[in-house]
Each structure stands twice: as structure tokens, then as C-alpha cells.
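Structure, as C-alpha cells:
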Amino acid sequence: MTRLQELRHAMARAGLDAVWISDPANVRAVSGFSSGKDGKVLVTQGDATLYTDARYTVQAAEESPLTAFIARPPATLEHAAPALAGLRVGFEADHLTVAALEDLRDHWPQVTLVGVQGLVQSLRAVKTPGEIQAVRDAQALADRVFAEVRPLIEAGARELEIASEIELRLRRAGAQSAFDLIVASGPRGAMPHGVASDRVIQDGDLVTVDMGAQLRGYHSDMTRTVAVGTPGAEMARVYRAVLEAEEAAVRAVKPGVRTADLDRLARDILTGHGLGEAFAHSLGHGVGLEVHEAPSLRGTSDDVLQPGMIITIEPGAYLPGVGGVRIEDLVLVTEGGYEVLSVSPKELL
Ligand SMILES: CSCC[C@H](N)C(=O)N[C@@H](C)C(=O)N[C@@H](C)C(=O)O
């Protein structure tokens, strides 16, 4: 079944005749059009139209099998209005601005607008074979770049130098960084999202590098914490505890497992090491057209793993004023269990 067919089934289940897609990643997922922020898609049970403007006439024809209507608002909304009269039309409540919703109300007075959340996102959680290959390629590039840059992580180097070396190599390979690079050394490691600063790395530091490539629109995400010289006994203990939690959670990945249970598994191991409070975020998330997407591996999540999902497993422990450790792998859920897509070594020394 194509994603469009899956979406139509989901629309029927939600009691919708049509859906107006405005979230850029969802626009791309449904239409193939790569400039999703300058596009919208209207899907009905019998039709699907990509709305974009004249800057993208050629690109839309090349990338999308959908009929394109080339115009800017309000002409787009006026074009759609007659076919929608009397229908229940979903809009993406987790993306559309209040002003954009007012526009829909003004131009579609005969439409019943229904806010929906996660309709396309839940379909995106299970990747197509092409999407799996795209994420695989992005991760392979990230692993290669990490191996090239690893020797540069040494006493005397600045975090920003490490980050810019990674960015440069990703760019040269036709990709770009998936997010602001996290290079957090020594006490800065206590910040889970410590983006690279001008701090000079010291002998004995642990350095957390959280990096991803964005290639052909798809992302990768991986974290390694490496030692410069010999770390203190306490941070070495923390590292071993996080690695134990990470590897146990990866081994537990298989279809049918509740993501909340995976989070609990890792959290219980860290709690056993006295680090439960130090694990300040969820165990992981899906990765694809966005760095953070469904499923969520949060303790409160109702998500259940399915083959074709790509997730991160990334426990961490953060000790303010001291430092931190995070170890993150990118994992494909397979029919029989899992495949770890990130291959960079995890030995501390
Ligand atoms: C700003 S993108 C950062 C990507 C990074 N690899 C990452 O996912 N960090 C996690 C600690 C994170 O942000 N997790 C989220 C899902 C959370 O726990 O809320």
C-alpha cells in the first residue's frame, strides 16, 4: 500500500473526507516534493493536489507524481474551495498557525474544519524501503565522518573546531548537519544539548559528540562519549553504567515491544547505579524526515515497535558541575528484532 493509500484509510477511520497538509515533512512524505515548507497538499478520497508557487514549477513536476497547482494564497485556497464544500476537512492542529486557520475559515465557509494531530506522522513512523536506505546512507556518512574526526578530539582542541570539522566533511559529501552539533567536554557534558562552544578540551575530559547527517532530506542521529587521556574513576563508572543501559535496551528492541517499557528498562539499570535522577530525558525517538519524529521512547508513550521503524536508543547521565555521558545508537526495527545502523566504536579509551 502506498503512503497516500494508507493516509486515505487513516482519514476514513478519523471520519474525514479530506485533509489539508501543511507540515513541511508531511508535505514531503505524501507528495515527494522536497521543498515542503513552500508547499501544501490537499488529499481527498479521490484526488491529491500539491499546491506550490512558480519558483517550484519544474521541481514539483520532477519530484512529485501529484497534480501540481501553481499559485500563491489566496488563489490556492480559492482553487480548492468548490471541491470541498460540505465536507469534513482535517487540518494539522500541531502545525497550522492561528492566522493560517483563520484563512482557511475565511476561504472555505462551507467546510467543517477538524483539527487532527499525528495523522501523517504516525504513518511516517514505519519507513518504506527507500526511506530506510536513505537513513542508512546518512548514518554511514556520519560514521565515516566521526572516524575521520575522532583523532582530532584531544587536549588543546576547541569544541568548535571539532564541530566545524564535522560540518565541513558532511558538506563536502553533499550532506549537512542534521542539527546544531553537540560537542560538550568536561563539565559541559552535564548539558544534554551542550552545543559546541569555544571551550578548550582538557586532559582527562569526557567529550560527548552528538551528530547527525541530513542527506536527501533524511536524517541520522548518533552520540558517542569519548575520553581524552584517562578519565577520573567516577566518570568511568558513569560511562560503564550508561553503556550497560544502552546495550540492554538495544538488545530488547523487537516488534511488539512497548517503547515505554524500553525506557523503563534503561532507567531501572541507571537507577540501580544511583543514576536514575541523572537520566534527564527520554530513551529515544524515531528518526527520518525529521530528527525527532514518531515513535516516542518516553515513559508516558503508548507507542509499540513495528518492523520498519527507525529509532534511537540514547540513555545518558548528567551530573551538574562534574560532567556527563550519553551513548546513542540508531536502530532499525526488523521482523526478527533489530539492526544497529550506527557502527562507530563505543570503547571509552
Ligand atoms: C536538537 S536535535 C538533538 C538530537 C539529539 N541527538 C537528541 O535526540 N537528544 C535527546 C536527548 C533528545 O532531545 N530527546 C528528546 C526526544 C526528549 O527526550 O525530549
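The values are calculated or read from the model by the stated rules, or taken from the named source; none is laboratory data. Here the structure is a predicted model, which means the values were calculated and not measured. Neighbour counts run over all protein chains shown; Cβ positions are idealised from the backbone, glycine included.
The table below lists the values:
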item	result
Qualifying position, being at pLDDT below 95 and among the basic types (Lys, Arg), among Arg8, Arg28, Arg3	Arg3
Filtered residues of the range 220-232 (kept if within 16 Å of the ligand (Cβ to nearest atom) and in contact with an Asp or Glu (Cβ under 7 Å, 6 or more places away or on another chain))	Asp221, Met222, Thr223
Residue list for the range 306-325, filter: within 21 Å of Glu247 (Cβ to Cβ) and polar (S, T, N, Q)	Thr312
Checklist (1) buried (at least 16 other Cβ atoms within 10 Å of the Cβ); (2) in contact with a strand residue (DSSP E or B) (Cβ under 8 Å, 6 or more places away or on another chain) applied to Leu319, failing item	(2)
Pick from the range 163-188, criterion part of a helix (DSSP H, G or I) and within 16 Å of the ligand (Cβ to nearest atom), ranking: farthest from Ala147 (Cα to Cα)	Arg188
Selection count where residues are of a type outside the set (A, V, I, L, M), within 16 Å of the ligand (Cβ to nearest atom) and in contact with a Ser or Thr (Cβ under 9 Å, 6 or more places away or on another chain), scope the range 238-272	2
Conditions (1) more than 27 Å from Val333 (Cβ to Cβ); (2) in contact with a helix residue (DSSP H, G or I) (Cβ under 9 Å, 6 or more places away or on another chain); (3) more than 16 Å from the ligand (Cβ to nearest atom): number failed by Glu131	(1)
Among (1) over 26 Å from Glu131 (Cβ atoms); (2) away from the ligand (no atom under 16 Å from the Cβ), the one test that Leu275 misses	(2)
Ser35 being on the phi < 0 side of the Ramachandran plot and surrounded by fewer than 19 Cβ atoms within 10 Å (Cβ to Cβ)	yes
Qualifying residues in the range 290-338 (those that are aliphatic (A, V, I, L, M) and away from the ligand (no atom under 14 Å from the Cβ)) - the one farthest from the chain's Cα centre (by Cα)	Val322
Residue count, the range 220-243 (criterion: in a helix (DSSP H, G or I) and in contact with a strand residue (DSSP E or B) (Cβ under 6 Å, 6 or more places away or on another chain))	4
Tally of residues being among the hydrophobic types (A, V, I, L, M, F, W, C) and within 16 Å of the ligand (Cβ to nearest atom) across the range 189-205	4
Any hit, the range 167-175, residues being closer than 18 Å to Glu328 by Cα and buried (at least 20 other Cβ atoms within 10 Å of the Cβ)	no
Those helices (runs of 4 or more DSSP H) lying entirely in the range 1-120 with at least 2 residues over 25 Å from Val291 (Cβ atoms), free of Cβ contacts under 8 Å to residues at least 40 places away in the same chain and not assigned by the TED database to the domain that holds Val287	3-13, 57-63, 75-84, 98-107
The range 252-277, subset touching a residue at least 60 places away in the same chain (Cβ under 8 Å) and in contact with a Phe, Trp or Tyr (Cβ under 8 Å, 6 or more places away or on another chain), residue nearest to Pro315 (Cα to Cα)	Val253
Among residues of the range 139-164, those that are over 21 Å from Arg216 (Cα atoms), acidic (Asp, Glu) and buried (at least 16 other Cβ atoms within 10 Å of the Cβ), counted	2
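Yes or no, residue by residue, for (1) among the β-branched types (Val, Ile, Thr); (2) in contact with a Leu (Cβ under 7 Å, 6 or more places away or on another chain); (3) surrounded by fewer than 17 Cβ atoms within 10 Å (Cβ to Cβ):
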| residue | (1), (2), (3) |
| --- | --- |
| Arg188 | no, no, no |
| Ser197 | no, yes, yes |
| Leu215 | no, yes, no |
| Tyr218 | no, yes, no |
| Thr225 | yes, yes, no |
| Gly229 | no, no, yes |
| Met235 | no, yes, no |
| Ala252 | no, yes, yes |
